[in-house]
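The structure appears right after this line, and notes come after that.
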Amino acid sequence: MLFLSSSNTTSSTLISTALRPNQRRRIYTLAKWILIGAATILATFILVCRVDVHFRVYVREWVAPPVQLVIEPLSDGCFANLSLHNPYHQGRYRRVAHFVPGVPLWEDQTCYDFANLVRPPPSPSPSPAPSSARDGNKDQINDDNGQRKTIFFHTYWSRNLTVITDKQLATWQSFAATQNANQTHLMVWISPDDEATLLASSAWRTATKQFGSRLQHQTFDVSTLIQNTPLAAVVEPIHNRRVGHEDLLKLLALYHYGGVWFDLDTLFVRDLSPLLSEEWISQGSCYTSLEGNPFDGALLHFHRGSPYVCEMLATVANELHPSRSRTEPTSESYWSASSSLSKVKLGPTLYYRIYRRLLHHGIKPWLVVPWCFTDPSQCRKSNSLPNAFSESEFSERRLSQVFAYHWHQQWDAIPGSVFRYIQAKNENALLLS
């Protein structure tokens, strides 16, 4: 009996041992086919489908609870005293071209097709504007002889920003090649410390030789520019707290002169005159059509003495007023309770803050220029133009439909196919003019 039991145990062990390799082989074969199938599905998906990924990361509310938005009252002296019949309540000018879309412009090529519809008016001179809330609220003003009206274009250069190269020359040439030579004038704002460097640069000498009096540099002094503005009472706090000069300079230049402000990392593609019947700020990305702050601030257009700009400057003044900055925290959720100027957010945050304030008080705000008009690389890969510094194929037709190309401070990058195309086209236009 003991012998039989031992024999049965040995037989079971041999059978089990024989089955184990077969089981492992089946598991290996099954796993292999699963991997092959997954790889085939993945390869097919990549070949057939295109994936555009856009995601946002949010801090959970238990870490950073959302702050309740508080809408402040209007500042004194800008909109507060306007009657309900004032044009700024329902739109200031009769539109020359309608560039506020009625459909989403982040899908397919809709934005470019819409931009293509915005063309200069048939008449070479704009329609006369109705009387405005303030004297001189126009971006077209008389010159010293009182005969010619001029639209000012403004930009800013500093040696702390970048050295002057052919890229800056290309920007100035793009202005001269695309904007009306009889009505536009470019002012390059600089610090007095940068004047010698600018005048010594070969790019600047070339530009002034080509464009003559259409191009000039303008040194700025904040204490002078803030005179006759809502900031006039806070000159000392401004000097003591290191203002972000460029963002403040945008507002001061537009308040005094009106016109178009553009950052120096911009190439003009078309005449902006169809857009100049309205006041506006450019949209920085197609994704802000869905959520977030739409304003980029690379291009702005406001009339001289605009109440919109007045409201922005008055808001900054309220934050900087010595008595308030020592004793009264701001109620606005976008800004820190500390009124130190280093913590005051200018630029897009300020624009969005005032925009929402105007809506709350029943005042028609400025317009938002759709993303592809001035920032055509800032959307999905399927409907964006390539980076200006990449060697990529692009649609010349689509590029010709936009008004400008903002290339986002890639100062040291080597110009790519888009940049060279715009540059060559503008150089040829100047040779033919």
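With 10 angstrom as the radius, rank Phe79, Phe211 by how many other C-beta atoms surround their C-beta, starting from the fewest.
On the way: Phe79 22, Phe211 19.
So the residues, fewest neighbours to most, are Phe211, Phe79.
Work through the residues other than Ala413 whose Cβ is under 11 Å from its Cβ and net out their charges, Lys, Arg +1 and Asp, Glu -1. Write down the numbers at each step before the final one.
Details: positive: Lys167; negative: Asp265, Asp412.
Around Ala413, the surrounding residues sum to -1.
If you count, for each residue, the other Cβ atoms within 10 Å and average over each peptide, how do 300-311, 418-429 line up from highest to lowest? Mind dumping the intermediate values first?
On the way: 300-311: 25.2, 418-429: 18.2.
The densest-packed peptide leads the list: 300-311, 418-429.
Would you kindly state how much longer the chain becomes between Ala232 and His321 on full extension, computed as 0.36 nm times their sequence separation minus their alpha carbon distance, in nm to one decimal?
Numbers: separation 89, 0.36 × 89 = 32.04 nm, distance 1.04 nm.
Difference between extended and current length: 31.0 nm.
Hey, got the dipole for the stretch 263-307? About the Cα centre, +1 on K and R Cβ, -1 on D and E Cβ, debye to the nearest 20?
On the way: 2 positive and 7 negative charges, 27 e Å.
Dipole of the stretch 263-307, to the nearest 20 debye: 120 debye.
Grab the Cα-Cα distance for His361 and Asn428, subtract it from 0.36 nm times how many residues apart they are, and report the gain in nm with one decimal. Show your work: numbers first, answer last.
Working: separation 67, 0.36 × 67 = 24.12 nm, distance 4.90 nm.
Going from the current span to full extension adds 19.2 nm.
Using 0.36 nm times the number of residues separating Ser417 and Lys381, minus their current alpha carbon distance, what extension gain do you get? Working shown, then result.
Working: separation 36, 0.36 × 36 = 12.96 nm, distance 1.66 nm.
This chain segment gains 11.3 nm when fully extended.
Sort Arg380, Arg398 so the one with the fewest other Cβ atoms within 10 Å of its own Cβ comes first.
Details: Arg380 15, Arg398 19.
Listing Arg380, Arg398 from fewest to most nearby Cβ atoms yields Arg380, Arg398.
How would you rank Leu432, Leu231, going from fewest to most other Cβ atoms within 10 Å of each one's own Cβ?
Working: Leu432 7, Leu231 25.
Neighbour counts put them in this order, fewest first: Leu432, Leu231.
Counting Lys +1, Arg +1, Asp -1, Glu -1, what net charge surrounds Trp371 among other residues with beta carbon under 13 Å of its beta carbon?
-2
Say R0 is 41 Å: what FRET efficiency, to the nearest 0.05, do Ala43 and Leu161 get from their beta-carbon distance? The partial results should precede the final answer.
Details: r = 47 Å, r/R0 = 1.14.
Efficiency, from the Cβ-Cβ distance: 0.30.
Every number in this text was worked out from the coordinates using simple rules, so none of it is lab data. Here the structure is a predicted model, which is why all the values come from computation and not from measurement. Backbone-built Cβ (ideal geometry, glycine too); neighbour counts: all protein chains shown.
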